[in-house]
Amino acid sequence: MKLLSLLITCLAIFPAFSQWQLNQDLSQINFVTIKKQHIAENQRFDQFSGQVTQGKVNISINLASVNTNIGIRDERMKEHLFNISTFPTATFSADITEKVLNTIAVGQSKRLTVSGMISLHGASQKVQAEVLVAKLSKTSMLVTSMQPLLIKAKDFTLIEGINTLQKLAGLPSIGYTVPLSFVLVFEHG
């Protein structure tokens, strides 16, 4: 009887300790650039992956998948800003207590502050992200930014690349801070 009780307990908590995979088709990572001081443009990354395993969150963005809806701008960003031949990905990693995830019931959500590390263009910076975590089902959870992460070019040695893009495009200015937001769906089964 004790063995059966232990088995049932293990099966009940198994989803919390299993690996949650990011579903790219249901997720999105967006950023906004500002040019000419007042013109904002929505852009995104089309390829990224991630997982939550044993309290560790890891997300990787393929920088070659930048999508600004303008082909020449995408190519220039890949070459002159991100330098994808040397730095093909950006990553985010953080720890999240599995106990916190276990306290969210299906159909409920919880606001969390997640402290983590962004690595981009050979530099790493600590960040805090305000997120909303919602359990959609026993095997699906949604994580969305409550406010954008502000990515500062100086923190990731990107100012020179932005200045190059500005000259190539003949623009009077391109902003050095970019708000990034996300909607991520994680699943396991």
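Rule-based calculations on the coordinates, nothing more; no lab input. Please read all numbers here as calculations on a predicted model, not as lab measurements. Using ideal geometry, Cβ is built from the backbone for each residue, glycine included, and neighbour counts are taken over all protein chains shown.
Net charge in the neighbourhood of Gln24 (other residues with Cβ under 15 Å of its Cβ; Lys, Arg +1, Asp, Glu -1) is -2. Overall, the chain carries a charge dipole of about 360 debye about its Cα centre when +1 sits on the Cβ of Lys and Arg and -1 on the Cβ of Asp and Glu, all other atoms neutral. Between Ile159, Ser140, Asn23, the Cα set farthest toward the positive side of the dipole of the chain (charges on each charged residue's Cβ, about the Cα centre) is that of Ser140. Fewest neighbouring Cβ atoms within 10 Å first, the residues Met146, Met141 line up as Met146, Met141.
Residues in region 105-112 carry Karplus couplings, in order, of 7, 4, x, 10, 9, 8, 8, 9 Hz; the curve used is 6.51 cos²θ - 1.76 cosθ + 1.60 with θ = phi - 60°, and Gly or Pro positions show x. Seen against the Cα atoms of the chain and their longest principal axis, helix 2-17 is set at about 10 degrees. For Phe48, nonlocal amide neighbours, meaning residues 5 or more places apart or on other chains whose placed amide H falls under 5 Å from its own, are Asn62.
Residue by residue, region 83-91 carries 3J(HN,Hα) couplings of 6, 5, 5, 9, 10, x, 9, 10, 10 Hz when phi is fed to the Karplus relation 6.51 cos²θ - 1.76 cosθ + 1.60 (θ = phi - 60°); x denotes Gly or Pro. Counting only alpha carbon atoms, the long axis of helix 159-169 and the longest principal axis of the chain meet at about 60°. Near Ile104, no amide H atom lies under 5 Å from its own; only residues 5 or more places off or on other chains count, and H is placed 1.01 Å from N.
Separation of region 124-140 and region 155-179, taken as the distance between their Cα centroids, equals 30 angstrom.
Neighbours of Gly107 by Cβ distance under 13 Å: Lys/Arg scored +1, Asp/Glu scored -1, total +3.
3J(HN,Hα) along region 45-61: 10, 9, 10, 7, 9, x, 7, 10, 9, 6, x, 10, 9, 9, 10, 10, 10 Hz, from the Karplus curve 6.51 cos²θ - 1.76 cosθ + 1.60 with θ = phi - 60°, whole Hz, x for Gly and Pro.
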